[in-house]
Amino acid sequence: MLRLTRRLMGACLALVLIASGPAWAADDDDTTETTSLKVMLDWYTNPSHAPLVIAQQRGFFEQHGLDVELISPADPSVPPKLVAAGKIDMAISYQPQLHLQVDQGLPLVRVGTLIATPLNITLVRADSDIESMQDLAGKSIGYSVGGVEEVLLNTMLEHNGVAPDDVEMVNVNFALTPALIGEKVDAVTGAFRNFELAQMAQEGVKGRAFYIEEEGVPTYDELIFIANRDTLDANRDAYTRFMAAVEEATAWIINHPDEGWKAFKASDPALDTPVNKKAWYNTIPRFALRPAALDGRRYEAFESFLLERGQIKAKSPLSRLAVDLSQP
């Protein structure tokens, strides 16, 4: 009787262990099928993409049963279109752009967060007479892309009592830093706080930043992962594993920032520049600690902001904008 009881207990324990183990991977199972994912970056590889590079380099994706291909686009406007068309699985994009694209009918949805704070700033030279947004009245402001960027700037100006018509907007294409350093404009908008300030310092010019979330604009996630809403259910498990690997990579970077920089620059010799090194350390505090988790209020607030500003036709429900993969 005692021997039978032990056998039953052993069988029950084996069933529990089998049931609790992951269905997608096992260290001693060479037959486990690996899921392939094509992920497109928002632009060329840079420190903002560090968790992806490290997750691939240190095998975190592989440990979660994933074979991830990271692709840099030739045109930064292309990734959301390719996701919507089902040509790639995921892409890095921007929360403000997601709201507009969903309003336009694209089947896109946020599935994770990479950079959890705005990076966008309005930037001036520290040696100028512009010490606040109010001082921009009558000044020239350079920009690269219109649309949402203009809405954000106008909100910042109005928040400080400056009418948008009181400034001169100058299209400097993507030469924001050179235009400001060369004093072709008095300020630039759409600059990223983790890069442009470092670029100016590299040229021996100190910058002064005005942070949009302190100047009347609702805070938002800067870089996000988007996927096709129509195929989300079929790929949810793979996306959840992807976010787990990114979370592990982020934690490793935070714990080992110096070693992380060495590993990051070793992935591509072109990344080893003084500006990238400064941007690396500037970016680390802004990575999402829980990439899969969703702050729904942030998305609802920004959706209302864009509706009030006339940038979208109607308010989309949160479920159309984003999902929380940290929840069952």
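The values are calculated or read from the model by the stated rules, or taken from the named source; none is laboratory data. Predicted model only: the values in this text are computed from it and were never measured. Note that each Cβ is placed from the backbone with ideal geometry, even for glycine, and that neighbours are counted across all protein chains shown. For accessibility, only protein heavy atoms count, side chains too; no ligands or nucleic acids. Shrake-Rupley method; radii C 1.70, N 1.55, O 1.52, S 1.80 Å.
Here are some notes:
- Solvent-accessible area per residue in the chain equals 49 Å², computed with a 1.4 angstrom probe and all protein chains kept.
- Phi to ³J(HN,Hα) by Karplus 6.51 cos²θ - 1.76 cosθ + 1.60 over the stretch 201-206, Hz, x for Gly, Pro: 4, 4, 8, x, 10, 8
- For the chain, alpha-carbon Rg and Dmax in angstrom: 22.9, 93
- Taken one residue at a time, the phi angles of the stretch 297-309 give Karplus couplings (6.51, -1.76, 1.60, θ = phi - 60°) of 4, 4, 6, 5, 5, 6, 5, 5, 4, 5, 5, 4, 8 Hz. Gly and Pro are set to x.
- Semi-axis lengths, Å, the stretch 106-149, gyration tensor of Cα atoms, sqrt of 5 times eigenvalues: 31, 14, 8
- Farthest towards the positive end of the charge dipole of the chain, among the residues Met169, Thr113, Leu136, is the Cα of Thr113, using unit charges on the Cβ of Lys, Arg, Asp and Glu.
- In the stretch 57-181, the C-alpha radius of gyration followed by the widest Cα-Cα span (Dmax) gives 18.8, 57 angstrom.
- Just checking the listed ones, Gly310, Gly86, Gly190: in the Gaussian network model of the chain with Cα springs under 10 Å, the one fluctuating most is Gly310.
- Rounded to the nearest 20 debye, dipole of the stretch 169-258 from Cβ charges on Lys, Arg, Asp, Glu: 200 debye
- Positive contributions from Lys and Arg (+1) and negative ones from Asp and Glu (-1), summed over other residues with Cβ under 12 Å from the Cβ of Val83, come out at +2.
- For the set Lys139/Lys206; Lys81/Lys184; Lys81/Lys315; Lys87/Lys315; Lys87/Lys313, the pairs lying more than 26 angstrom apart at their alpha carbons are Lys81/Lys184; Lys87/Lys315; Lys87/Lys313.
- When shorter helices are ignored and each DSSP H run of at least 4 residues is given -39500 (n - 2.57), the per-residue value for the chain at 222 nm works out to -12000 deg cm²/dmol.
- Placing +1 on the Cβ of every Lys and Arg and -1 on the Cβ of every Asp and Glu, with no other charges, gives the chain a dipole of roughly 960 debye about its Cα centre.
- Centroid-to-centroid separation of the stretch 31-90 and the stretch 108-157 [C-alpha atoms, Å]: 28 Å
- Residues whose amide H comes within less than 5 Å of that of Val109, counting only those at least five positions distant or on another chain, are Ala227, Arg229 (H built at 1.01 Å from N in the peptide plane).
- In the elastic network of the chain, a GNM with C-alpha springs shorter than 10 Å, the most mobile of Ser140, Ser128, Ser93 is Ser128.
- D (Stokes-Einstein, µm²/s), Kirkwood Cα radius, the stretch 189-310, 0.692 mPa s at 37 °C: 190 µm²/s
- Carbon and sulfur %, accessible surface of the stretch 79-119 computed with the full protein complex present, 1.4 Å: 52 percent
- Whole-Hz couplings from phi, Karplus 6.51/-1.76/1.60, listed for the stretch 170-186; x for Gly and Pro: 10, 7, 9, 6, 9, 9, 5, 5, x, 5, 6, 4, x, 6, 6, 9, 7
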